[in-house]
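Each remark here refers to the structure printed beneath this line.
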Amino acid sequence: MNEPANFLSILTGSFALPAAENPTVAMIEAAYRHHGLDARYINCEVPPDRLGDAVRGARAMGWVGFNCSIPHKIAVIRHLDALAPSAAIIGAVNCVVIREGRLIGENTDGQGFLTALRSVIDPAGRRVVLFGAGGAARAVAVETALAGAASLTIVNRDPDRGRELSDLIAAKTPARAAYAPWTSAFRIPEDTEIVVNATSIGLFPEVDARLDFAPETLRPGMVVADVVPNPPRTRLMRDAEARGCTTLDGLGMLVNQGLVGIRLWTGLAADGRVLRARLEQIFGV
Ligand code: NDP
């Protein structure tokens with residue numbers, strides 16, 4: 001890249017770390033340094049009522065794109081020119097690409113999860129149980145379904161949100177989808193091949209929190225993935241390992257959503273090991 005490029009990150013608040021240690025900023029800047037890119041990724045806190053100004057500013061200043069996080073992921077859509085297909089289905093945008101003055105909304109959370117998942121299993125034809133129906137769960141569910149998963153069972157505490165997500169998957173993707181109420185000591189169906197925690201249970205500082213399911217229903221051979229990045233070895237990861245499951249931590253999703261963003265903004269296929277190493281340093285792995 002010849003011209004210096006700026007990236008706007010609209011504050012992320014879910015990692016419970018000081019802003020200076022914002023993991024997304026740190027891992028992306030580590031990649032820029034490693035690859036000698038003349039670019040910066042900076043974190044700007046934008047209040048909801050100034051979001052439109054911030055987006056117009058990014059365009060005016062010639063930024064090549066930006067990430068945005070809660071509470072802007074849905075609100076940003078009305079300031080964009082177009083949405084990528086999966087972002088349109090998910091109904092949320094965490095990454096914007098500015099090309100020739102046009103702003104395109106992407107959702108790289110789901111793409112990042114899918115890339116990480118494919119490093120351990122191809123979801124095509126698989127039966128998936130997904131805990132959660134919030135923003136991360138929507139992204140994971142849509143991408144996994146579009147990647148050919150046979151079925152998704154959505155387990156969520158709030159039944160309305162859970163049903164809304166299973167209805168969305170059934171209507172907009174080829175996968176079968178059903179909502180299952182999150183009853184106490186939930187039993188993961190025996191034929192499940194992939195289990196995903198897309199809730200915030202286990203996120204720092206609640207590091208010992210457990211998902212309420214019957215532990216013996218985790219079987220050897222199942223793939224168990226967690227979206228929670230901090231700490232990377234969540235209680236779920238430890239429990240699943242102890243039961244002989246293949247595990248996938250939340251750093252995989254975080255690294256890969258970063259790689260997708262960097263590729264969309266700069267065209268560079270960055271080295272994921274550099275991003276992961278920086279995150280492991282921050283999270284003390
Ligand atoms: P949301 O607030 O949108 O959704 C939270 C989800 O967690 C909901 O399904 C909610 O259920 C559920 N939940 C929270 N607490 C409980 C509880 N005590 N018992 C049962 N269910 C609970 O958050 P996000 O989807 O944005 O984030 C979820 C997690 O994903 C966070 O830990 C975040 O750090 C992580 N994340 C990781 C990324 C990565 O790259 N690794 C990227 C994006 C997010 P209900 O609907 O019933 O309230």
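Suppose the filter is more than 16 Å from the ligand (Cβ to nearest atom), buried (at least 16 other Cβ atoms within 10 Å of the Cβ) and not assigned by TED's automatic domain parsing to the domain that holds I201; does G101 pass it? No. For the range 36-55, residues that are over 16 Å from K73 (Cα atoms) and either within 24 Å of the chain's Cα centre (by Cα) or assigned to a helix (DSSP H, G or I) (or both) total 4. With the condition kept exactly as written, say whether any residue in the range 250-265 is more than 20 Å from the chain's Cα centre (by Cα) and in contact (Cβ under 8 Å) with a residue 40 or more places away in the chain. No, the range 250-265 has no match at all. Quick check, is I121 in contact (Cβ under 8 Å) with a residue 24 or more places away in the chain, away from the ligand (no atom under 14 Å from the Cβ) and either part of a strand (DSSP E or B) or closer than 17 Å to S86 by Cα (or both)? When the stated conditions are applied, I121 does not pass them.
When you check G105 against the structure, is it assigned to a strand (DSSP E or B) and under 17 Å from the mean Cα position of the chain (by Cα), yes or no? So G105 fits the description; yes. Is it true that D158 is within 13 Å of the ligand (Cβ to nearest atom) and more than 17 Å from D109 (Cβ to Cβ)? In short, yes.
For the range 205-245, filtered to residues that are surrounded by fewer than 16 Cβ atoms within 10 Å (Cβ to Cβ) and modelled with pLDDT under 95, the residue that is nearest to the ligand (Cβ to nearest atom) is E206.
The values are calculated or read from the model by the stated rules, or taken from the named source; none is laboratory data. Note that the structure is predicted; figures quoted are calculated from it, not measured. Cβ coordinates were reconstructed from backbone atoms using ideal geometry, including for glycine residues, and neighbour counts include every protein chain displayed.
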